[in-house]
Amino acid sequence: MEKEILLIALGGNALIKKDQEGSVEEQFENLKVSMRQIARLSEKYRIIITHGNGPQVGNLLLQQECCNDIPRLPLEILVAQTQGQIGYMIESTLDGEFMELGIDNKKNFVTLITYVVVDENDPAFQEPLKPIGPIYTKEEIASVPYPTRLTAKGYRRVVVSPEPVTVVEKNEIRKLIEMDFIAICCGGGGIPVIREERSFHGVDAVIDKDLVSAKLAEEVGVDIFIIATDVPGAILNYGTPKQKVLRSANIRKAELFLKEGHFPPGSMKPKVRAAMRFVQNSGKRAVITSVETIEEAVEGKAGTEITP
Ligand code: ADP
Ligand code: MG
């Protein structure tokens, strides 16, 4: 019997936890938690790993500001760099966990530089809203060569965040999965590109990694879509004495909770939306859970499950 396909979308905290400096040692240590579970799961499931890159791409942006002697790199190149950097860290941690668990060391994995097509007529291009990278003072923003906005943390660069239309490498990913290779892809939401027939070019934008993961899950025909983050699931009345983890909700209920404002944009809202889209379009399972409880979520024993 064919193994079912799992897509696991790793949040930023799989690598850097809140209040950590984010050294390479910390990132390797943190990754063990998810990679140990993924190593065990890979015996029963075929696996696709996607991941965020917020803190890593933020640091690369800061490094651009630190040096005036070398040409600055555009965002699309930095996203490509983080796909390589994080892919390397995931692969080497996974290898270590396979060894530790004594699981078949011939297990194959591949990190793919991934492009994601966006639509140049997407209304999101009208207004850059997504803050990224370093925080600037009011004086500094006068000389910064891109749009900025005042956020809760201070002035930050803002970019547009268009919808993912299609993952360019979906056929390659399907082939890898058919061969039971673990595919690490769509890092940082993928490199956003606009297509002109066969050619494409990168744009200064950031695609939400949860939404692109849902798109890929659909395009590849995934059976279970897991969104792993730093909270046990989607929480109702978050941050109040009445807060409560939602164990499951059907699409209609989830839509209602969204309307009532339980899930804010930029954090929990895209996760709930991504889970809803996948379930709606595939009829399969989607669970939002913590990085520590990926295996339990696969078994239906943890997290918030979105049902049709
Ligand atoms: P990731 O890097 O995993 O994508 P995010 O920071 O984007 O993580 O989203 C997870 C965060 O969403 C949690 O750390 C939590 O602080 C925040 N959050 C806001 N509202 C909610 C909610 N209703 N339920 C759960 N988490 C919420
Ligand atoms: Mg996020």
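No lab work stands behind these numbers, since they all come straight from the coordinates. Please read these numbers as outputs of a predicted model, since none were measured by experiment. Here Cβ is always computed from backbone atoms with ideal geometry, including for glycine, and neighbour counts include all displayed protein chains.
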Those residues of the stretch 185-205 which are surrounded by fewer than 24 Cβ atoms within 10 Å (Cβ to Cβ) and in a loop (DSSP other than H, G, I, E, B) amount to Glu197, Arg198, Val203, Asp204
Taking Ala249 as the residue in question, decide whether it is more than 15 Å from ligand 2 (Cβ to nearest atom), in a strand (DSSP E or B) and in contact (Cβ under 8 Å) with a residue 40 or more places away in the chain. yes
Count of residues meeting criterion [more than 16 Å from ligand 1 (Cβ to nearest atom) and of a type in the set (S, T, N, Q)] in the stretch 199-237: 1
When Ile182 is run through (1) surrounded by fewer than 20 Cβ atoms within 10 Å (Cβ to Cβ); (2) within 17 Å of the chain's Cα centre (by Cα), the failure sits at (1)
Within the stretch 300-307, does at least one residue satisfy the condition of being under 17 Å from Gln37 (Cα atoms), free of Cβ contacts under 8 Å to residues at least 60 places away in the same chain and more than 15 Å from ligand 1 (Cβ to nearest atom)? yes
Picked from the stretch 1-29 (must be part of a helix (DSSP H, G or I) and within 16 Å of ligand 2 (Cβ to nearest atom)), the residue surrounded by the most Cβ atoms within 10 Å (Cβ to Cβ) is Ala14
Exactly one condition in (1) farther than 17 Å from Thr307 by Cα; (2) within 16 Å of ligand 2 (Cβ to nearest atom) is not met by Ile226; state its number. (1)
Going through Glu65, Glu97, Glu91 one at a time, which residue ends up being surrounded by fewer than 16 Cβ atoms within 10 Å (Cβ to Cβ) and among the acidic types (Asp, Glu)? Glu65
Pair list, Cβ under 8 Å, 6 or more apart: the stretch 255-270 residue within 24 Å of Leu10 (Cα to Cα) and within 11 Å of ligand 2 (Cβ to nearest atom), other residue of a type in the set (Lys, Arg) and not in a helix (DSSP H, G or I): Gly266/Lys130
